[in-house]
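Notes to accompany the following structure.
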Amino acid sequence: MRHLLVIAALALPLPAAAQEWRIELIETGLREYYCTGLVRLTNDSDQVLEELSGFFLIQKDGVQVGRSQGTWFLNVAPGETAEATFETPNAPCAEADRWDYIVGACRLDGAFADKQACAARIEGVAPLSAAVGAN
């Protein structure tokens, strides 16, 4: 009977892992011909996020309408936030309805970490999507 309880416990689904970093769009604007997006990253983990770099693919109605320039979040301590401005040439900022974050690099504990693993730790607040690791 004891073995059956162990087997039954192993068959239960595991709870989903909580994302540890949150990105949200604070405001958009226009600078010359650049759509600008101010993005805030919140570190809800217990580890310093030494570097997270990447860019956004901006969409309108399911169609990509722009790719932002890349930028970084550096040395974000647990419980802290950092902000970065992403600029996208000739993108229709006001009409964009989805921003997909593409991880370019991720550094933890003095070493670069797997981009896909870092992407899985990010929660995107709409209209930002959860992050996707770049190839």
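The values are calculated or read from the model by the stated rules, or taken from the named source; none is laboratory data. Computed from a predicted model, the values in this text were never measured in an experiment. Methodologically, a virtual Cβ is constructed for each residue, glycine included, from the backbone with ideal geometry; neighbour enumeration extends over all protein chains shown. Ligands, DNA and RNA are excluded from the accessible area calculation, which covers all protein heavy atoms including side chains. Shrake-Rupley method; radii C 1.70, N 1.55, O 1.52, S 1.80 Å.
Out of all the residues in region 57-68, is one or more in contact with a strand residue (DSSP E or B) (Cβ under 8 Å, 6 or more places away or on another chain) and farther than 17 Å from residue 127 by Cβ? For region 57-68, residues in contact with a strand residue (DSSP E or B) (Cβ under 8 Å, 6 or more places away or on another chain) and farther than 17 Å from residue 127 by Cβ: absent.
Of everything in region 80-120 that is acidic (Asp, Glu) and under 17 Å from residue 57 (Cβ atoms), the residue that is least open to solvent (accessible area, probe 1.4 Å) is 100.
Summed over region 20-72, the residues that are small (Gly, Ala, Ser), in contact (Cβ under 8 Å) with a residue 40 or more places away in the chain and surrounded by 14 or more Cβ atoms within 10 Å (Cβ to Cβ) give a count of 4.
Quick check: is even one residue across region 55-64 at pLDDT 95 or above and closer than 15 Å to residue 106 by Cβ? Yes, region 55-64 contains at least one residue that is at pLDDT 95 or above and closer than 15 Å to residue 106 by Cβ.
For region 51-83, name all the residues that are of a type in the set (Gly, Ala, Ser) and under 18 Å from residue 118 (Cα atoms). Reasoning before the result, please.
First pass over region 51-83, keeping only residues of a type in the set (Gly, Ala, Ser): 53-54, 62, 66, 68, 70, 77, 79, 82.
Result: 53, 54, 70, 77, 79, 82.
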